[in-house]
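One structure is given below, encoded as structure tokens.
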Amino acid sequence: MPSTFRIPRATASGLYAKVMEAYARRTYGQVPDNAYVLWHHRKALRAVLSFESKVARFDALDPHLKSYALLASAGTIGCSWCLDFGYFLAHDEGLDTAKVREVPRWRESAVFTDLERDVMDYAEAMSETPLRVTDDMVAGLVERLGVPAVVELTQMVALENMRSRFNFAAGLESQGFSDVCELPLATVRP
């Protein structure tokens, strides 16, 4: 389903646009739709790209746990664009695609460890309104992951909330990123 672009798609032009589009095509195979929405506000675009490049270097949390948390958050919010792109990134990062496929139904699936389940539960708890994060939930994660990893997990889920809510509100839909990894796109919550 193509994006509806509630916020109109901008026509990117100039040298910065050419560099951005070339990088995106080389890295992802196509330019993400959200880049064309953000193009309307170059300061916002540059701020998002700068922040994303910085958080990409975080390394306190296992990358598999991070991916499962981000996908669980995107699914809770209902952002098909984020799930699509998240599947692509998970495939690109070498995650077990059979396991990634199960993230939307992690509660019923037998493929996840207790820690992975707790991480996805935390991601969902942070992504629901009202929030349902508890002291016990955080304490259990701190005990097993350590404080730096829980800080990173919390920041990454908060960032995914920002991404998912922006993309959903902007009318962005699955762009076909996950087609390369042959993962069926999960049905998102309405």
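The values are calculated or read from the model by the stated rules, or taken from the named source; none is laboratory data. Please read all numbers here as calculations on a predicted model, not as lab measurements. Every residue, glycine among them, receives a Cβ derived from its backbone with ideal geometry; neighbour counts consider all protein chains shown. Ligands, DNA and RNA are excluded from the accessible area calculation, which covers all protein heavy atoms including side chains. Shrake-Rupley method; radii C 1.70, N 1.55, O 1.52, S 1.80 Å.
Overview of results
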read-out: Per-residue SASA entry for Glu152, accessible area with 1.4 Å probe, Å² rounded to 10; value: 10 Å²
read-out: The chain - Debye-derived log10 I(q)/I(0), Cα point model, q = 0.08, 0.16 Å⁻¹; value: -0.26, -1.03
read-out: Accessible carbon and sulfur surface of the chain relative to its total accessible area, %, 1.4 Å; value: 57 percent
read-out: List Glu173, Glu93, ordered by accessible area with a 1.4 Å probe, largest first; value: Glu93, Glu173
read-out: The range 44-141 - accessible surface per residue (Å², probe 1.4 Å); value: 47 Å²
read-out: Two-site FRET efficiency, Phe58 against Phe5, from Cβ-Cβ distance with R₀ of 22 Å, rounded to 0.05; value: 0.10
read-out: Ser53, Ser13, reordered so the largest accessible area comes first (probe 1.4 Å); value: Ser13, Ser53
read-out: Candidate lysines - alpha carbon under 20 Å from Lys99, same-chain residues fewer than 8 apart omitted; value: Lys66
read-out: Residues Asp136 and Thr113, FRET efficiency given R0 of 25 Å [Cβ-Cβ distance, rounded to 0.05]; value: 0.85
read-out: Accessible-area ranking of Asp135, Asp62, Asp114, Asp84, largest first, probe 1.4 Å; value: Asp135, Asp114, Asp62, Asp84
read-out: Glu21 accessible area, 1.4 Å probe, all protein chains in place, Å² to nearest 10; value: 30 Å²
